[in-house]
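Undergrad: Mind looking over this structure? Questions follow.
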Amino acid sequence: MWKWLGVYAFAVGYTAGAWAQLAIVWFAARRGLNTAGAPACKIHWREILAKPAFFVVYALGLGLNITFTRAYATHAGPGMAAALDYCMRGVGVPLALLVNPISNSLLPEIARLRSMFRLREAFRLIDRTTALAALAAVGGCGFALAFRQPAIRLFFERGEFHGDSTLLVSAVFLCLGPSLVGWSLMEIASRSLFALDRPWPPVIAAWIPVVCNVALTLWLHSYRPQLIGLGASLGLLAGFVVLFAMAHARRRRWLTQG
């Protein structure tokens, strides 16, 4: 629709695609659902609102981590914020490919095991999935860092995006790319704990990345492209380490309560 709408075509197409995806998922989820004999819902509206509140606070903490990095990048010189946005595309797509398929298959199984009070099996499943995701994330991140310049040149270098832009984006990606490891492990571990109805550790851990990011970035106070994303990456890794430690420290008590 570029010929008729110009720059607005991207926004219209993106929005239409999102609504089309929602319609397909809604139809697939409800097509075989028989609600004729279902009992009336007795959950109070406060409980309905309180459950998503944990997800909102958790997502806000993770989102502020990257938001702060982008805000700081605007002071680092012309083109730095745009380079960070290009790098976020390089992180966001692998993150979605790694986290979403694992979550969509893992979380219903964890919830099923929790409902049957088979918590030991649920924890073993979480540990194995986290280890597998760690291997995939570290391998994918290493590959992306090794071939970042040819990949950026292939995907983005056209029009006003020239060779100097490729060098700038690849420099920023050097420290922002490793955020894929901490971010993916944070997401998988947090969603697993949400499925176990243990929301507090993920909510607490979600704010550690932004605190570490702010502290490290202001301490370094560097506008070098290679260091712009360092705080975000180390913060996410620190958040996962704290979340992992909290989950394992409380595991015995959770098993006793279960």
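Undergrad: If the viscosity is 1.306 mPa s and the temperature 10 °C, what translational diffusion coefficient in µm²/s does Stokes-Einstein give for segment 1-132 when Rh comes from Kirkwood over Cα pairs?
TA: Answer from the Stokes-Einstein relation: 81 µm²/s.
Undergrad: Which chymotrypsin sites (Phe, Trp or Tyr not before Pro) in segment 42-119 pass both tests, a DSSP loop state and at most 16 other beta-carbon atoms within 10 Å?
TA: PHE117
Undergrad: Please give the per residue accessible area of the chain, computed with a probe of 1.4 Å over protein heavy atoms only, in Å².
TA: With the other protein chains kept in place, the chain gives 60 Å² per residue.
Undergrad: Among PRO101, PRO209, PRO201, which one moves the most in a GNM of the chain with springs linking Cα atoms closer than 10 Å?
TA: Maximum fluctuation in the GNM of the chain, among the listed residues, is at PRO101.
Undergrad: The chain: D in µm²/s via Stokes-Einstein (Kirkwood Rh, Cα pairs, 25 °C, 0.890 mPa s)?
TA: Approximately 119 µm²/s, per Stokes-Einstein.
Undergrad: Accessible area of segment 121-160 with a 1.4 Å probe: how many percent of it is carbon plus sulfur?
TA: Result for segment 121-160: 67 percent of the exposed heavy-atom area is carbon or sulfur.
Undergrad: Among LEU33, LEU230, LEU220, which one shows the biggest mean-square fluctuation in a GNM of the chain, springs joining Cα atoms closer than 10 Å?
TA: For the chain, modelled as a Gaussian network with Cα springs under 10 Å, the answer is LEU33.
Undergrad: Provide, in order from the shortest bin, the percent of all Cα-Cα pairs of segment 203-253 in each 5 Å bin, continuing until the bin that contains the maximum pair distance.
TA: 5, 23, 24, 18, 12, 9, 5, 3, 1, 0
Undergrad: OK, next. Run the Debye formula on the Cα coordinates of segment 126-176, all scatterers equal and no solvent, and tell me log10 I(q)/I(0) at q = 0.20, 0.26 1/Å.
TA: These q points yield log10 I(q)/I(0) values of -0.69, -0.91.
Undergrad: If you average over every viewing direction, what projected area does the convex hull of the Cα atoms of segment 104-235 give, in nm²?
TA: Average of the hull's projected areas for segment 104-235 equals 9.6 nm².
The values are calculated or read from the model by the stated rules, or taken from the named source; none is laboratory data. Model, not experiment: these values are computed from the prediction. Neighbour counts run over all protein chains shown; Cβ positions are idealised from the backbone, glycine included. Protein only, heavy atoms only, side chains kept; ligands, DNA and RNA dropped before computing areas. Shrake-Rupley method; radii C 1.70, N 1.55, O 1.52, S 1.80 Å.
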